[in-house]
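Values quoted throughout were computed directly from the atomic coordinates according to the rules given, and no laboratory measurement underlies them. Here the structure is a predicted model, which means the values were calculated and not measured. Methodologically, a virtual Cβ is constructed for each residue, glycine included, from the backbone with ideal geometry; neighbour enumeration extends over all protein chains shown.
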Amino acid sequence: MALVLEGGTIVGPDGEFRADARIEGGVISEIGLSVRRGGDEYADVSGKYLLPGGIDAHTHFDLPLGDGMRTADNFATGTKAAIAGGTTCVIDYATQFKGESLSEGLDNWHGLAEGKCFCDYAFHLAITDWNDAVSSELPEIISNGVTSFKMYMAYKGALQVDDGILYRALKRMKETGGLLCVHCENGDIIAARADELIREGKPGPSFHPVSRPEEIESEAVSRLITIASLAGAPVYVVHVSAAESMRRIIEAKTAGASVFAETCPQYLYLDDSLYANGREAAKYVCSPPLRGKENQAALWSSLRMGLADVVATDHCSFNFNGQKDRDIREGREDFRRIPNGMPGAESRMLLMYKGVADGRLTLSRMVRAVSANPAIIFGLYPRKGALIPGADADITVLDPTGTTTISAAGQFQNVDYTPFEGVEIPARIDSVYLRGELLYSGGKFLTSEPSGKFVPRGVTNALP
């Protein structure tokens with residue numbers, strides 16, 4: 001017996017069309033008109049959009065900090081929020097900390113996630129301690145379905161790697177088929193500027209963005225593109241926040257470089273005026289920081305033209321009360337100690353639909369950025385990222401006649417604020433299916449049991 005979703009409009013990366021979706025055994029068996037057969041169950045989704053379940057390619061759930069603090073969302077709460085927001089698969093950043101092997105770092109994250117996830121999940125693996133033994137581990141890690149990695153050009157003294165390591169790692173990625181994702185900010189200059197600000201008596205959260213201006217990011221993006229070109233390897237730039245950074249990526253793409261660009265809703269909708277809000281500014285401390293509003297048009301334009309590839313969240317949630325404001329409360333104000341990150345997994349899909357409703361991009365371009373492209377780039381396609389026969393029946397039903405007001409009071413994210421408080425969306429998430437199972441409908445979960453599975457990934461595919 002199958003389930004048929006009838007009357008809806010299928011949305012794909014290349015357009016939209018009226019069709020029904022027939023689901024059998026957790027996968028899509030048929031797309032077309034009048035596909036229901038005797039004995040099939042059906043759901044009427046007339047007037048609604050059927051989107052491939054969102055893929056959030058950048059989350060940090062249950063991430064430990066060095067001083068005993070952890071992110072507010074673990075894998076249970078974070079993936080539950082993702083489902084409520086129409087995301088059916090996340091790719092979280094597992095981390096190999098200094099002194100660990102890659103296998104040890106990955107095993108730690110499997111232990112944090114297994115049996116706790118409401119949506120499907122995969123891992124990138126952040127590398128903070130590169131050496132010959134780590135290099136030799138890459139083929140085994142890739143064969144186990146973790147095919148993308150991350151390095152940081154920022155966070156001096158903790159996560160930052162130097163250019164020589166980046167070059168050697170990229171050479172090794174080319175040999176093994178891995179894809180390196182890179183946080184692009186000049187960590188050396190950030191550290192020097194932060195020290196200057198503290199010496200000048202400027203420790204408040206409003207000075208966080210002053211320590212890491214746009215030039216810090218765009219310089220690192222250019223340097224990474226040069227290093228990747230010398231290594232002959234593709235590269236993925238995470239959370240691009242500035243127009244100049246995106247311009248340099250587009251210039252490299254135009255010249256034939258294999259470089260992928262990710263941006264995030266916070267850079268599309270929020271701006272640096274929020275850092276003027278006194279102690280409340282700590283809510284918006286993230287890296288890269290929010291930028292001047294003039295950057296937003298260029299980021300939207302790059303999405304509209306298909307030159308920015310992915311919209312992810314960089315969901316890294318900390319409570320304002322007790323975590324982000326901890327030092328402020330205790331009289332030890334120092335913006336360098338405010339935990340970096342903001343929540344966003346629950347609001348990404350609706351925020352991007354608001355962009356569609358506002359005329360900033362088409363619905364098919366939205367689907368490319370939030371689902372199809374991350375699936376293709378990170379080796380999940382065609383199992384994920386498209387509503388086609390044989391794909392997992394991960395389906396987000398979006399009602400364009402509904403409305404949603406984003407509010408911390410109504411969210412599933414386990415955090416005491418949302419940076420998008422009060423934003424009104426001219427749509428609502430009607431229901432969400434994971435591998436054909438209806439998990440969420442009418443604003444409520446229909447199960448309390450997490451059913452998400454680890455999804456091994458293939459190597460990176462080129463975008464069409």
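General remarks:
- Using alpha carbons only, the radius of gyration of the range 1-146 set against its Kirkwood radius gives Rg/Rh = 1.12.
- The charge dipole of the range 198-327, taken about its Cα centre with unit charges on the Cβ of Lys, Arg, Asp and Glu (plus for the first two, minus for the last two), comes to roughly 100 debye.
- Sparse packing (at most 15 other Cβ atoms within 10 Å of the Cβ) combined with a DSSP loop state is found for the following GluC sites (Glu not before Pro) in the range 255-343: Glu330.
- Span-rule helices in the chain, defined as complete DSSP H runs reaching 15 Å or more along the axis (Cα) with Kyte mean at least -0.5: 102-113, 132-143, 187-199, 214-231
- Here the range 224-338 is treated as a sphere whose radius is the Kirkwood value from Cα pairs; by Stokes-Einstein at 20 °C and 1.002 mPa s it diffuses with a coefficient of 137 µm²/s.
- Relative to one another, the C-alpha centroids of the range 394-423 and the range 142-183 are positioned 34 Å apart.
- Loop-located chymotrypsin sites (Phe, Trp or Tyr not before Pro) in the range 113-195 whose Cβ has at most 16 other Cβ within 10 Å (DSSP): none
- Relative contact order of the range 138-227, pairs being alpha-carbon contacts under 8 Å that are 6 or more residues apart, as %: 30 percent
- By the count of neighbouring beta-carbon atoms within 10 Å, fewest first, Ser407, Ser135 end up ordered Ser407, Ser135.
- Packing, as the average of other Cβ atoms within 10 Å across residues, places the peptides 197-207, 1-11 in the order 1-11, 197-207, highest first.
- In the range 258-356, trypsin sites (Lys or Arg not before Pro) in a DSSP loop with at most 10 other beta-carbon atoms within 10 Å: Arg332
- Descending by average beta-carbon neighbour count within 10 Å, the peptides 169-177, 90-98 line up as 90-98, 169-177, the highest first.
- For the range 1-60, the share of DSSP beta bridges that are antiparallel, to the nearest 5, is 65%.
- Taking the chain and dividing mean pair separation by its residue count, relative contact order in percent (alpha carbons under 8 Å, at least six apart): 22 percent
- Of Val311, Pro205, Thr77, farthest towards positive along the dipole that unit charges on Lys, Arg, Asp, Glu beta carbons give the range 55-371: Val311
- Antiparallel bridge percentage (DSSP; both residues within the chain; nearest 5): 45 percent
- Candidate lysines for bridging to Lys116, where Cα separation is under 20 Å - those fewer than 8 sequence places away on the same chain excluded: Lys80, Lys444, Lys453
- Descending semi-axes in Å of the range 354-464, equivalent ellipsoid built from Cα gyration tensor: 26, 20, 14
- Charge-dipole axis of the chain as Lys and Arg at +1 and Asp and Glu at -1 on Cβ define it, positive-most pick from Leu138, Pro426, Pro64: Pro426
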